[in-house]
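Please read the structure below before turning to the comments.
The values are calculated or read from the model by the stated rules, or taken from the named source; none is laboratory data. Just so we're clear, the structure is a prediction, and the values are computed from it rather than from any experiment. Ideal geometry is used to build each Cβ from the backbone, glycine not excepted, and the neighbour counts take in all protein chains shown.
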Amino acid sequence: MLKITNLHATVADTPILKGLNLEINAGEVHAIMGPNGSGKSTLAAVLAGRDGYEVTAGSIEYLGRDLLALAVEERARAGVFLAFQYPVEIPGVSNMEFLRASLEAVRSHRGEPNLSAVEFMKLARATSAQLQLDPEFLKRGVNEGFSGGEKKRNEILQMLLLQPNLAILDETDSGLDIDALQVVADGVNALRSPERAIIMVTHYQRLLDYVVPDQVHVLADGRILRSGGRELALELEAKGYGWLRDDAA
Amino acid sequence: MTTMKRSERIEVFARTARTRSENFPADTGVLGRLRAAGRAAFSAAELPNPKTEAWKYSRIGPLLEQGLLDRAPAGAAATARPIPGLDVQSIAILDGIPQPLPTFTPGVSVTSFAALSGAEAAAVETHLGRLAAVSERPFVALNAALLEDGLLIQVAPGVDVALPIELLLAQSDGAAPRGVHPRVLVIVGQGARATLIERHLGAAMAFTNSVVEVVLADGAQLDHLRLALDAGRGRWLSALDVELGRAARYHLWQAQLGAAFRRNEIRIRLAGEGAEVTVSGAGLTRNNAHLDNQLCLEHRVPRGTSTQVFRNIAGETSRGILNGRIHIHRGAQKTDAQLHTKSLLLSSRAEIDVKPELEIYADDVKCAHGATLGQLDANALFYLRSRGLDETAARTLLSFAFLAEVVDGFPVDAVREALRPALAQAFAAPAEEDAP
């Protein structure tokens, strides 16, 4: 589904990604771990197409297409979803209105008919309930005054509504208490299917107890330093990142 | 269009206006006297020039173009464009001419100046031209000098008028340039309450120089909605002069798009103790449009409150102007006056000029103002686009959100609901690189 080859990216002329290779097949869940500053969030931003991140070399192939040639919204419509580390507050735009506009944009691209207002409401309410979000949140401004945990659950709500092919979760576990983590993990697990792939960018292995990955990659200094199975995350937890770097050196 | 120098164009405009005003038949009634006063004042007045402070950001060039003093050809058909789901009692002034009047609900009376008699004539004599004095503003004088007819709208004391009164100032779609000078006097009697929905309609190359005077007796309340949602080639200059009696309440809501020229001169006088004024304005200019709001809140007596909130957005090469003057007279103690504006620039070539002017001669007052100017938040734009919205849709949604604080407060449901598609259409209009 996703093939990243020799990816180099800079932020404000500072190289962050320095030759990253990664291949993810449909049906797989990959965890990308690494110390602060290793380039995890840069990778997520480059995949989603955020301004200010310049790809200087390499390629990203998504479902056989050149992902980097697509505009931000085209990626979203083609099924790429980024759950933000810091979801943006947009006062004055109701969550409901936002979710509906987004779902319409993505569905119409897929050639699916728009939901009626009633169908949409039903879906939004059911999905909110699944994430233990009070339906009142749908009426409020997008993320306006939401707690950290509520913002993260709102991201997962959007993900479940949009049903992406490729979901990238950027530190979605940070700032969640254990109950919220369970709810979010249940949401992510609900999305798992043979047609979809999920990338979880995380600093801690805690989330991986709830969403068990097929592969774990360690990102350091802009490259994948090591890949392995679930046990690699546990090893990192026990030994920290220093061990790997020493090992590599 | 013309290669004449500005001073020559002004001279031609003034001369043409004088000639036109002299063509009205002699008349000793209300109309005749107002015209005579207007003609004299206009002849003595100097038209605004680039050094006139009140016109610093609004050049009168667009008003001087050929044909803008011509009378409208007769027989234009009214373009009825009712607001969906809105029940109103409607008054139309088309191409400057009051149209046949419908029947009104009890307590509401509307009379053309030409048909005034008795007590109504006396009421008009008392108030007309008192608030919008011909001596102070040349275009108010011009309105009087070229007045075809006007309307008196009265709400009887103590009556609570549930059905909104709609006032249409409409320009027909005709191709001929023309100038019209609508005039309306609104008197809301003691303790009465009404809603006035004033709509400026038309996008043709025409000059509308309107004067609306509103007198609120003690304890009266008027919710005044002003909608100007036709962009285009229209030249709209609107004087609105309001006076409040004791404990009267005046709430003004404006939603306006820029046009070739649109300027509102709004003067609100708190003349009775404990009067209350709120002004909420949402403005959007696109392409090379112009929207100028000149406000003057005059606190003349103690214990008045006024709150003004504005949201303005300017895109492309358009220009938005807001001049908010608060004048607290000597002795107007315990006044509470506030002015808050937020502006949003969608383009590096757009311009918004915001100027608060505070003049305070009393020492026990609260007076606050705040102004911010910004651009759309890049993070929010990215967030929306990452959810599949295209850039135009994302910008529109965020711009709506910016205006929502004002627009969501509009008191008439059907108007509030109509504003959304109207603004959406304005946002969706294609960007033009250069002025037509």
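If you scan segment A:157-210, which residues turn out to be more than 25 Å from A:Asn95 (Cβ to Cβ), of a type outside the set (D, E, K, R), within 14 Å of the chain's Cα centre (by Cα) and not in a strand (DSSP E or B)? Hit for segment A:157-210 is A:His203, nothing else. Condition test on B:Ser21, is it among the polar types (S, T, N, Q), surrounded by 13 or more Cβ atoms within 10 Å (Cβ to Cβ) and touching a strand residue (DSSP E or B) at 6+ places or on another chain (Cβ under 9 Å)? Against the criterion (among the polar types (S, T, N, Q), surrounded by 13 or more Cβ atoms within 10 Å (Cβ to Cβ) and touching a strand residue (DSSP E or B) at 6+ places or on another chain (Cβ under 9 Å)), B:Ser21 does not qualify. The residue pairs whose first member lies in segment A:67-86 and is at the interface with another protein chain (Cβ under 8 Å from one of its Cβ atoms), whose second member is of a type outside the set (Lys, Arg) and surrounded by fewer than 19 Cβ atoms within 10 Å (Cβ to Cβ), and whose beta carbons are closer than 6 Å, counting only pairs six or more residues apart or on different chains, are A:Glu73/B:Asp390; A:Arg77/A:His109.
Remark: A:Glu74 matches the filter, which requires a residue to be part of a helix (DSSP H, G or I), charged (D, E, K, R) and more than 16 Å from the chain's Cα centre (by Cα).
Out of everything in segment B:329-349 that is part of a strand (DSSP E or B) and of a type in the set (S, T, N, Q), what residue ends up being surrounded by the fewest Cβ atoms within 10 Å (Cβ to Cβ)?
Among residues in segment B:329-349 that are part of a strand (DSSP E or B) and of a type in the set (S, T, N, Q), the one surrounded by the fewest Cβ atoms within 10 Å (Cβ to Cβ) is B:Gln338.
The residue that is farthest from B:Glu391 (Cα to Cα), among those in segment A:48-66 that are more than 10 Å from every other protein chain (Cβ to nearest Cβ) and hydrophobic (A, V, I, L, M, F, W, C), is A:Ala57. Return the residue satisfying two criteria in turn: it lies in segment B:360-389 and is within 13 Å of chain A (Cβ to nearest Cβ) and among the polar types (S, T, N, Q), and of such residues it is nearest to A:Ala105 (Cα to Cα). Ranking the candidates gives B:Ser386 first.
Residue count for segment B:118-166, restricted to those that are touching a strand residue (DSSP E or B) at 6+ places or on another chain (Cβ under 8 Å), under 20 Å from B:Thr103 (Cβ atoms) and aliphatic (A, V, I, L, M): 9. When each of B:Asp390, B:Asp408, B:Asp364, B:Asp377 is tested for being within 24 Å of the chain's Cα centre (by Cα) and among the charged types (D, E, K, R), the lone residue that passes is B:Asp408.
Of the numbered criteria (1) out of contact with any Asp or Glu (no Cβ under 8 Å at 6 or more places or on another chain); (2) aliphatic (A, V, I, L, M); (3) over 24 Å from B:Gln254 (Cβ atoms), the one B:Val415 fails is (3). Applying the selection to segment B:202-223, what residues are farther than 16 Å from B:Leu270 by Cα and among the β-branched types (Val, Ile, Thr)? Within segment B:202-223, B:Thr208, B:Val211, B:Val212 qualify.
Only one entry of B:Ile326, B:Ile352, B:Ile313 meets the criterion of being within 14 Å of chain A (Cβ to nearest Cβ), modelled with pLDDT of 95 or more and part of a strand (DSSP E or B), and that entry is B:Ile313. The selection criterion, being more than 14 Å from chain B (Cβ to nearest Cβ) and in contact with a helix residue (DSSP H, G or I) (Cβ under 7 Å, 6 or more places away or on another chain), holds for A:Met33. The set of residues from segment B:205-225 being among the small types (Gly, Ala, Ser) and over 18 Å from the mean Cα position of the chain (by Cα) comprises B:Ala217, B:Gly219, B:Ala220. What residue, among those in segment A:103-135 that are of a type in the set (Ser, Thr, Tyr) and surrounded by 13 or more Cβ atoms within 10 Å (Cβ to Cβ), is nearest to the other protein chains (Cβ to nearest Cβ)? The selected residue is A:Ser108.
Assuming B:Glu11 fulfils every condition listed in (1) surrounded by fewer than 18 Cβ atoms within 10 Å (Cβ to Cβ); (2) touching a strand residue (DSSP E or B) at 6+ places or on another chain (Cβ under 9 Å) apart from one, which condition is it? Of the numbered conditions (1) surrounded by fewer than 18 Cβ atoms within 10 Å (Cβ to Cβ); (2) touching a strand residue (DSSP E or B) at 6+ places or on another chain (Cβ under 9 Å), the odd one out for B:Glu11 is (2). In summary, A:Tyr204 fulfils each of the numbered conditions (1) crowded, with 18+ Cβ neighbours inside 10 Å; (2) at pLDDT below 95; (3) within 24 Å of A:Val46 (Cα to Cα) with the single exception of condition (1). Considering (1) within 12 Å of chain A (Cβ to nearest Cβ); (2) farther than 18 Å from B:Gly281 by Cα; (3) among the aliphatic types (A, V, I, L, M), the lone condition that B:Ala404 does not fulfil carries the number (2). Among the residues in segment B:407-424, are any modelled with pLDDT of 90 or more, within 7 Å of another protein chain (Cβ to nearest Cβ) and touching a strand residue (DSSP E or B) at 6+ places or on another chain (Cβ under 9 Å)? Checked against the condition, which is being modelled with pLDDT of 90 or more, within 7 Å of another protein chain (Cβ to nearest Cβ) and touching a strand residue (DSSP E or B) at 6+ places or on another chain (Cβ under 9 Å), segment B:407-424 yields no hits at all.
The requirement of being among the β-branched types (Val, Ile, Thr) and within 15 Å of B:Leu322 (Cβ to Cβ) is not satisfied by B:Thr392. Among the strands (runs of 3 or more DSSP E) confined to segment B:137-253, the ones with at least 1 residues that are touching a residue at least 12 places away in the same chain (Cβ under 8 Å) and of a type in the set (Phe, Trp, Tyr) are located at B:206-216, B:235-244. B:Thr111 meets all of the listed conditions (1) assigned to a loop (DSSP other than H, G, I, E, B); (2) touching a residue at least 40 places away in the same chain (Cβ under 8 Å) but one, namely (1). Taking the numbered list (1) over 23 Å from the mean Cα position of the chain (by Cα); (2) modelled with pLDDT under 95 in turn, B:Pro106 passes all entries but (2). When segment A:90-102 is filtered for residues that are in a helix (DSSP H, G or I), at the interface with another protein chain (Cβ under 8 Å from one of its Cβ atoms) and in contact (Cβ under 8 Å) with a residue 12 or more places away in the chain, the ones remaining, listed by number, are A:Phe98, A:Ser102.
The residues listed here are B:Ala418, B:Ala393, B:Ala362, B:Ala380; of these, the one that is touching a residue at least 24 places away in the same chain (Cβ under 8 Å) and crowded, with 17+ Cβ neighbours inside 10 Å is B:Ala418.
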